[in-house]
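The values are calculated or read from the model by the stated rules, or taken from the named source; none is laboratory data. Note that this is a predicted model, so its numbers are computed, not measured. Virtual Cβ from ideal backbone geometry, glycine too; neighbours counted across all protein chains shown.
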Amino acid sequence: MKPIALLSGCVLTLAGISLAPWGAAMAAPSVQDIVAKNVAARGGQTAWRNVQTLTFEGTLDAGGKPSHDLPFILREKRPHKNRLEIVFKDQTAVQVYDGSQGWKVRPFLNRNEVEPITAAEEKIATAADELDGALMDYQAKGTRITLAGTEPVDGHPAYKLHLTLKDGTQRNLWVDASSWLEVKMDGAPRKLDGRMHNVELYFKDYRAEQGLNIAHLQETVVDGAKEPYKMTINKVSVNPPLADTLFTRPQLQAVADARHP
(Lines give C-alpha, C1' and ligand atoms only; values in the text may rest on other atoms or scores of the structure.)
Protein backbone atom coordinates (compact mmCIF):
# COMPACT_ATOMS: atom_id res chain seq x y z
CA MET A 1 0.00 0.00 0.00
CA LYS A 2 1.00 3.36 0.29
CA PRO A 3 -0.55 1.80 -0.45
CA ILE A 4 -0.83 4.06 -1.90
CA ALA A 5 2.35 4.38 -3.13
CA LEU A 6 4.24 4.54 -3.10
CA LEU A 7 11.04 7.02 -9.72
CA SER A 8 18.24 5.55 -14.50
CA GLY A 9 20.90 3.55 -13.57
CA CYS A 10 21.29 1.89 -10.25
CA VAL A 11 24.23 0.70 -8.15
CA LEU A 12 23.74 -2.42 -6.03
CA THR A 13 25.80 -3.16 -2.96
CA LEU A 14 25.42 -6.70 -1.63
CA ALA A 15 26.22 -7.74 1.91
CA GLY A 16 26.29 -11.18 3.48
CA ILE A 17 23.79 -11.82 6.26
CA SER A 18 22.90 -14.68 8.56
CA LEU A 19 19.55 -16.05 9.68
CA ALA A 20 21.19 -17.39 12.82
CA PRO A 21 18.70 -15.64 15.20
CA TRP A 22 15.98 -17.88 13.70
CA GLY A 23 17.91 -21.09 13.17
CA ALA A 24 20.93 -22.41 11.36
CA ALA A 25 22.98 -20.00 9.27
CA MET A 26 22.31 -20.02 5.56
CA ALA A 27 23.56 -18.21 2.49
CA ALA A 28 22.10 -14.75 2.04
CA PRO A 29 20.05 -14.00 -1.05
CA SER A 30 21.16 -11.10 -3.19
CA VAL A 31 19.26 -7.85 -3.45
CA GLN A 32 18.20 -8.88 -6.95
CA ASP A 33 16.82 -12.17 -5.60
CA ILE A 34 14.85 -10.46 -2.83
CA VAL A 35 13.37 -7.90 -5.20
CA ALA A 36 12.50 -10.56 -7.81
CA LYS A 37 10.73 -12.69 -5.21
CA ASN A 38 8.92 -9.65 -3.84
CA VAL A 39 7.71 -8.63 -7.31
CA ALA A 40 6.45 -12.17 -7.96
CA ALA A 41 4.70 -12.34 -4.58
CA ARG A 42 2.91 -9.07 -5.29
CA GLY A 43 1.50 -10.32 -8.58
CA GLY A 44 4.33 -9.95 -11.07
CA GLN A 45 5.92 -7.16 -13.04
CA THR A 46 3.66 -7.45 -16.09
CA ALA A 47 0.49 -7.21 -14.01
CA TRP A 48 1.71 -4.12 -12.15
CA ARG A 49 2.97 -2.39 -15.28
CA ASN A 50 -0.55 -2.69 -16.66
CA VAL A 51 -1.94 -0.77 -13.68
CA GLN A 52 -2.41 2.91 -14.51
CA THR A 53 -4.85 3.85 -11.72
CA LEU A 54 -5.88 2.55 -8.30
CA THR A 55 -8.65 3.57 -5.91
CA PHE A 56 -8.77 2.57 -2.25
CA GLU A 57 -11.80 3.02 0.00
CA GLY A 58 -11.86 2.41 3.72
CA THR A 59 -11.49 4.02 7.12
CA LEU A 60 -8.78 5.90 8.98
CA ASP A 61 -8.39 5.60 12.73
CA ALA A 62 -8.12 9.21 13.91
CA GLY A 63 -7.34 8.20 17.49
CA GLY A 64 -8.72 10.02 20.50
CA LYS A 65 -11.15 8.86 23.17
CA PRO A 66 -13.44 7.56 21.89
CA SER A 67 -11.60 6.79 18.69
CA HIS A 68 -13.06 7.91 15.37
CA ASP A 69 -13.01 5.89 12.17
CA LEU A 70 -13.10 8.37 9.30
CA PRO A 71 -14.19 7.23 5.82
CA PHE A 72 -11.60 7.92 3.12
CA ILE A 73 -11.05 7.51 -0.61
CA LEU A 74 -7.52 7.50 -2.02
CA ARG A 75 -7.13 7.76 -5.79
CA GLU A 76 -3.75 7.22 -7.49
CA LYS A 77 -2.78 7.68 -11.13
CA ARG A 78 0.47 7.51 -13.02
CA PRO A 79 2.70 9.42 -13.06
CA HIS A 80 2.77 10.12 -9.32
CA LYS A 81 -0.68 11.68 -8.92
CA ASN A 82 -2.81 11.12 -5.82
CA ARG A 83 -5.99 12.50 -4.32
CA LEU A 84 -7.05 11.79 -0.71
CA GLU A 85 -10.55 12.60 0.56
CA ILE A 86 -11.45 12.19 4.26
CA VAL A 87 -14.96 12.69 5.67
CA PHE A 88 -15.13 14.27 9.13
CA LYS A 89 -18.42 15.42 10.67
CA ASP A 90 -20.15 15.31 7.27
CA GLN A 91 -17.47 17.50 5.73
CA THR A 92 -14.93 16.31 3.17
CA ALA A 93 -11.29 17.34 3.42
CA VAL A 94 -9.31 17.02 0.19
CA GLN A 95 -5.55 16.83 -0.33
CA VAL A 96 -4.09 16.39 -3.81
CA TYR A 97 -0.67 16.05 -5.40
CA ASP A 98 -0.51 16.27 -9.20
CA GLY A 99 3.05 15.00 -9.59
CA SER A 100 4.70 18.39 -9.19
CA GLN A 101 2.62 20.44 -6.77
CA GLY A 102 -0.26 20.01 -4.37
CA TRP A 103 -3.33 21.68 -2.89
CA LYS A 104 -5.85 21.03 -0.13
CA VAL A 105 -9.21 22.11 1.32
CA ARG A 106 -9.93 21.67 5.05
CA PRO A 107 -13.58 22.59 5.81
CA PHE A 108 -13.51 20.99 9.29
CA LEU A 109 -11.06 23.76 10.26
CA ASN A 110 -13.25 26.39 8.58
CA ARG A 111 -10.61 26.55 5.83
CA ASN A 112 -12.92 26.38 2.81
CA GLU A 113 -10.52 28.01 0.40
CA VAL A 114 -8.16 26.08 -1.84
CA GLU A 115 -4.68 26.25 -0.30
CA PRO A 116 -1.27 25.00 -1.43
CA ILE A 117 0.13 22.12 0.61
CA THR A 118 2.95 23.01 3.00
CA ALA A 119 6.62 22.55 2.17
CA ALA A 120 6.73 19.58 4.56
CA GLU A 121 3.69 17.97 2.93
CA GLU A 122 5.17 18.55 -0.52
CA LYS A 123 8.42 16.90 0.55
CA ILE A 124 6.50 13.83 1.72
CA ALA A 125 4.41 13.72 -1.46
CA THR A 126 7.49 14.04 -3.67
CA ALA A 127 9.26 11.19 -1.85
CA ALA A 128 6.20 8.91 -1.90
CA ASP A 129 6.35 5.81 -4.06
CA GLU A 130 4.64 5.41 -7.40
CA LEU A 131 1.47 3.30 -7.16
CA ASP A 132 3.46 0.08 -7.81
CA GLY A 133 5.66 0.59 -4.73
CA ALA A 134 9.33 1.19 -3.97
CA LEU A 135 10.90 -2.03 -5.34
CA MET A 136 9.12 -2.46 -8.66
CA ASP A 137 11.42 -1.23 -11.49
CA TYR A 138 13.64 0.40 -8.86
CA GLN A 139 16.62 0.73 -11.21
CA ALA A 140 14.57 2.79 -13.67
CA LYS A 141 13.46 4.98 -10.78
CA GLY A 142 17.09 5.75 -9.93
CA THR A 143 16.99 3.96 -6.57
CA ARG A 144 20.06 2.32 -5.02
CA ILE A 145 19.53 -0.61 -2.63
CA THR A 146 21.83 -2.27 -0.11
CA LEU A 147 21.09 -5.31 2.03
CA ALA A 148 21.42 -4.30 5.68
CA GLY A 149 20.89 -7.67 7.35
CA THR A 150 17.85 -9.31 8.90
CA GLU A 151 15.54 -8.26 11.71
CA PRO A 152 12.37 -9.71 13.19
CA VAL A 153 9.13 -7.96 12.24
CA ASP A 154 6.11 -9.09 14.23
CA GLY A 155 8.10 -12.15 15.26
CA HIS A 156 9.05 -13.23 11.74
CA PRO A 157 12.47 -12.87 10.04
CA ALA A 158 12.63 -10.12 7.45
CA TYR A 159 15.32 -8.79 5.14
CA LYS A 160 16.17 -5.17 5.82
CA LEU A 161 16.79 -3.18 2.63
CA HIS A 162 18.34 0.27 2.73
CA LEU A 163 17.02 2.44 -0.10
CA THR A 164 18.61 5.63 -1.45
CA LEU A 165 16.19 7.37 -3.77
CA LYS A 166 17.16 9.40 -6.83
CA ASP A 167 16.86 12.67 -4.88
CA GLY A 168 19.09 11.36 -2.09
CA THR A 169 16.29 10.52 0.35
CA GLN A 170 17.12 7.42 2.40
CA ARG A 171 14.84 4.96 4.14
CA ASN A 172 14.61 1.32 5.15
CA LEU A 173 12.14 -1.30 3.96
CA TRP A 174 11.67 -4.81 5.36
CA VAL A 175 10.66 -7.83 3.22
CA ASP A 176 9.33 -10.93 4.97
CA ALA A 177 11.74 -13.86 4.51
CA SER A 178 8.88 -16.31 3.95
CA SER A 179 6.09 -14.49 2.08
CA TRP A 180 8.51 -12.07 0.33
CA LEU A 181 6.03 -9.24 0.85
CA GLU A 182 6.83 -5.82 2.30
CA VAL A 183 5.95 -5.81 5.98
CA LYS A 184 7.52 -2.60 7.29
CA MET A 185 8.94 0.70 6.05
CA ASP A 186 10.32 3.90 7.52
CA GLY A 187 7.78 6.72 7.42
CA ALA A 188 8.28 10.46 7.35
CA PRO A 189 9.09 11.80 10.86
CA ARG A 190 6.26 13.68 12.59
CA LYS A 191 6.39 16.68 14.87
CA LEU A 192 4.58 16.11 18.17
CA ASP A 193 4.83 18.23 21.30
CA GLY A 194 7.42 20.41 19.59
CA ARG A 195 9.75 17.49 18.81
CA MET A 196 10.29 15.26 15.79
CA HIS A 197 9.40 11.59 16.27
CA ASN A 198 10.39 8.61 14.15
CA VAL A 199 7.60 6.86 12.25
CA GLU A 200 7.31 3.23 11.10
CA LEU A 201 4.69 1.84 8.71
CA TYR A 202 3.53 -1.78 8.96
CA PHE A 203 1.74 -3.55 6.09
CA LYS A 204 -0.65 -6.39 6.95
CA ASP A 205 -3.63 -8.41 5.76
CA TYR A 206 -2.54 -8.95 2.15
CA ARG A 207 -5.34 -9.99 -0.20
CA ALA A 208 -5.61 -10.73 -3.92
CA GLU A 209 -7.18 -7.96 -6.01
CA GLN A 210 -7.46 -8.83 -9.72
CA GLY A 211 -4.16 -10.70 -9.64
CA LEU A 212 -2.39 -8.15 -7.44
CA ASN A 213 -1.42 -8.82 -3.81
CA ILE A 214 -2.29 -5.69 -1.82
CA ALA A 215 -2.09 -4.96 1.92
CA HIS A 216 -5.50 -4.07 3.35
CA LEU A 217 -4.22 -2.79 6.69
CA GLN A 218 -1.51 -0.19 7.29
CA GLU A 219 -0.47 0.66 10.81
CA THR A 220 1.46 3.87 11.46
CA VAL A 221 3.54 3.70 14.63
CA VAL A 222 4.84 7.03 15.93
CA ASP A 223 7.67 6.81 18.44
CA GLY A 224 6.27 7.86 21.80
CA ALA A 225 2.60 7.45 20.87
CA LYS A 226 0.58 4.90 22.84
CA GLU A 227 -1.37 3.37 19.96
CA PRO A 228 -0.74 2.98 16.20
CA TYR A 229 -2.87 4.82 13.68
CA LYS A 230 -4.66 2.39 11.37
CA MET A 231 -5.73 2.65 7.74
CA THR A 232 -8.14 -0.15 6.84
CA ILE A 233 -8.94 -0.78 3.19
CA ASN A 234 -12.36 -2.24 2.47
CA LYS A 235 -12.44 -1.89 -1.32
CA VAL A 236 -9.81 -1.74 -4.07
CA SER A 237 -10.53 -0.76 -7.68
CA VAL A 238 -7.88 -1.56 -10.29
CA ASN A 239 -7.66 0.71 -13.35
CA PRO A 240 -10.84 2.72 -12.70
CA PRO A 241 -11.24 5.74 -15.04
CA LEU A 242 -9.75 8.80 -13.30
CA ALA A 243 -9.84 12.13 -15.14
CA ASP A 244 -6.75 14.33 -14.88
CA THR A 245 -9.03 17.14 -13.66
CA LEU A 246 -9.34 15.29 -10.33
CA PHE A 247 -5.72 16.25 -9.63
CA THR A 248 -5.79 19.77 -11.06
CA ARG A 249 -6.04 22.68 -8.65
CA PRO A 250 -9.57 24.02 -9.08
CA GLN A 251 -11.71 26.88 -7.89
CA LEU A 252 -13.68 26.10 -4.72
CA GLN A 253 -16.92 25.11 -6.47
CA ALA A 254 -15.00 22.72 -8.69
CA VAL A 255 -13.62 21.05 -5.54
CA ALA A 256 -17.14 20.37 -4.31
CA ASP A 257 -18.21 19.04 -7.69
CA ALA A 258 -15.19 16.72 -7.96
CA ARG A 259 -15.67 15.02 -4.60
CA HIS A 260 -18.02 12.45 -6.07
CA PRO A 261 -17.13 12.06 -9.78
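From the list Leu217, Leu181, Leu246, pick out the single residue that is more than 25 Å from Thr92 (Cβ to Cβ) and of a type in the set (A, V, I, L, M).
Leu181
Can you give me the number of residues within the stretch 29-80 that are over 22 Å from Ser100 (Cα atoms), among the basic types (Lys, Arg) and under 17 Å from the mean Cα position of the chain (by Cα)?
1
Report, ordered by the first and then the second residue, all pairs with beta carbons closer than 6 Å, sequence separation of six or more or different chains, a first member in the stretch 166-177 that is among the charged types (D, E, K, R), and a second member that is assigned to a loop (DSSP other than H, G, I, E, B).
Lys166/Gly142
Can you name the number of the only condition in (1) modelled with pLDDT under 95; (2) on the phi > 0 side of the Ramachandran plot; (3) surrounded by 18 or more Cβ atoms within 10 Å (Cβ to Cβ) that Gly64 fails?
(3)
Hey, can you tell me all the residues within the stretch 112-148 that are surrounded by fewer than 18 Cβ atoms within 10 Å (Cβ to Cβ), more than 20 Å from Arg49 (Cβ to Cβ) and either in contact with a Ser or Thr (Cβ under 8 Å, 6 or more places away or on another chain) or among the acidic types (Asp, Glu) (or both)?
If the condition is that a residue be surrounded by fewer than 18 Cβ atoms within 10 Å (Cβ to Cβ), more than 20 Å from Arg49 (Cβ to Cβ) and either in contact with a Ser or Thr (Cβ under 8 Å, 6 or more places away or on another chain) or among the acidic types (Asp, Glu) (or both), then Glu113, Glu115, Glu121, Glu122, Ala127, Thr146 are the ones that fit.
Of these, Thr232, Thr245, which one is of a type in the set (Ser, Thr, Tyr) and surrounded by 13 or more Cβ atoms within 10 Å (Cβ to Cβ)? Full working, then the answer.
Details: Thr245 fails: surrounded by 13 or more Cβ atoms within 10 Å (Cβ to Cβ).
Matching residue, one of Thr232, Thr245: Thr232.
Please list, ordered by residue number, the strands (runs of 3 or more DSSP E) wholly in the stretch 154-219 having 1 or more residues that are surrounded by fewer than 13 Cβ atoms within 10 Å (Cβ to Cβ).
Numbers: elements: 156-164, 170-176, 182-192, 195-209.
The strands (runs of 3 or more DSSP E) meeting that bar are 170-176, 182-192, 195-209.
Say whether the condition of being on the phi < 0 side of the Ramachandran plot and either at pLDDT 90 or above or in contact with a Cys (Cβ under 6 Å, 6 or more places away or on another chain) (or both) is met by at least one residue in the stretch 104-113. Give the steps one after another, and end with the answer.
Within the stretch 104-113, the first condition is being on the phi < 0 side of the Ramachandran plot, and the residues that meet it are 104-109, 111-113.
This time we only want the ones that are either at pLDDT 90 or above or in contact with a Cys (Cβ under 6 Å, 6 or more places away or on another chain) (or both), so: 104-105.
Yes, the stretch 104-113 contains a residue that is on the phi < 0 side of the Ramachandran plot and either at pLDDT 90 or above or in contact with a Cys (Cβ under 6 Å, 6 or more places away or on another chain) (or both).
Suppose we keep only residues that are part of a strand (DSSP E or B) and modelled with pLDDT under 95 within the stretch 25-61. Which one would you say is farthest from Ala208 (Cα to Cα)? Talk me through it step by step, then tell me what you get.
Initial filter on the stretch 25-61 (part of a strand (DSSP E or B)): 53-61.
Filter once more, keeping what is modelled with pLDDT under 95: 60-61.
Working: Leu60: 21, Asp61: 23 Å.
Looking at residues that are part of a strand (DSSP E or B) and modelled with pLDDT under 95, I get Asp61.
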